[in-house]
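Before any comments, here is the structure.
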Number of protein chains: 2
Amino acid sequence: MDDRTLRRYELRAELFKALAHPIRILLLEKLRERPWCVCELAAEVGIEKSVASKHLSQLKSVGLIADEKRGTLVEYQLVAPCVLDMAACAEGTILEQRRKRLGIAAAE
Amino acid sequence: MDDRTLRRYELRAELFKALAHPIRILLLEKLRERPWCVCELAAEVGIEKSVASKHLSQLKSVGLIADEKRGTLVEYQLVAPCVLDMAACAEGTILEQRRKRLGIAAAE
DNA sequence: CAATTGTTGGGAAACATTGCAACTTTAGGG
DNA sequence: CCCTAAAGTTGCAATGTTTCCCAACAATTG
């Protein structure tokens, strides 16, 4: 196993880690509609703004969203909408597998 | 936020969590080639077989792989190859964003 | 200056990862 | 049949990481 390959898998894992929390997926879905500032998102999702800020910072650190300061606000916007298709695909995959397993279990 | 939507996001997050470790991505890549048993994979990746077993169990629990007993061996096989395209897409996304940010940084 | 918006840090609780040891199951030799 | 070896899984303890809340801080507006 060469180091370059390992590094690539670490990179992929980092992005999946950023997506591995329901709140972060919800935040991304909101950002698909339009840009939002932190306090709007925190209120919408029902969490502390410090928590929202940290989740958004994680998403930003892997390059999925970008921020822009406007006075005292920080507006976040979606940069890589393709990941949301990935998220929908993830749901499809997991549901399909679940159905298959149930089907097999029923058939046995 | 209705509960059903939240549940869907939790489901997606679960699948991403299963993908959020470089060793698990590597295991999936190996399983794309052909079915492998646990001890082969452990040797190939260079980890304890108990660790390999646990990682594989996680991947199985979200329905990405399936197992089949053959004597004393347990052979794992890939069930949802589409997630590997997702993994490659993840890498593409993150690299593209990184390039963009570097480009902007250089231009400023 | 006061109010609003975000970010950052500490501490606690929950969760994830690893290595080791114990255990189960199967195959095969005597 | 009994014993041993090999393959996997599971439990435990140690360590590291995530997540949350709260409080403190920085920055901007009016």
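Computed quantities for the displayed model
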item	result
Among (1) polar (S, T, N, Q); (2) near DNA strand D (Cβ under 7 Å from one of its atoms); (3) part of a strand (DSSP E or B) - the single one B:Q77 does not satisfy	(2)
Number of positions in segment A:27-64 that are in contact with a strand residue (DSSP E or B) (Cβ under 7 Å, 6 or more places away or on another chain) and either of a type outside the set (A, V, I, L, M, F, W, C) or at pLDDT below 95 (or both)	4
Residue that is in a helix (DSSP H, G or I) and either in contact (Cβ under 8 Å) with a residue 24 or more places away in the chain or more than 16 Å from DNA strand D (Cβ to nearest atom) (or both), where the choices are B:E44, B:E14	B:E14
Count of segment A:68-89 residues which are within 16 Å of DNA strand C (Cβ to nearest atom) and either among the polar types (S, T, N, Q) or within 10 Å of another protein chain (Cβ to nearest Cβ) (or both)	3
Candidate set: segment A:53-67, residues that are part of a helix (DSSP H, G or I) and either touching a His at 6+ places or on another chain (Cβ under 7 Å) or within 14 Å of chain B (Cβ to nearest Cβ) (or both); chosen: the one surrounded by the most Cβ atoms within 10 Å (Cβ to Cβ)	A:L59
Which numbered condition B:K30 fails, given (1) charged (D, E, K, R); (2) more than 13 Å from chain A (Cβ to nearest Cβ); (3) closer than 12 Å to B:Y76 by Cα	(2)
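The values are calculated or read from the model by the stated rules, or taken from the named source; none is laboratory data. As the structure is a prediction and not an experimental result, all values here were calculated from the model. Neighbour counts are summed over all protein chains in view; Cβ atoms, including those assigned to glycine, are modelled from backbone coordinates with ideal geometry.
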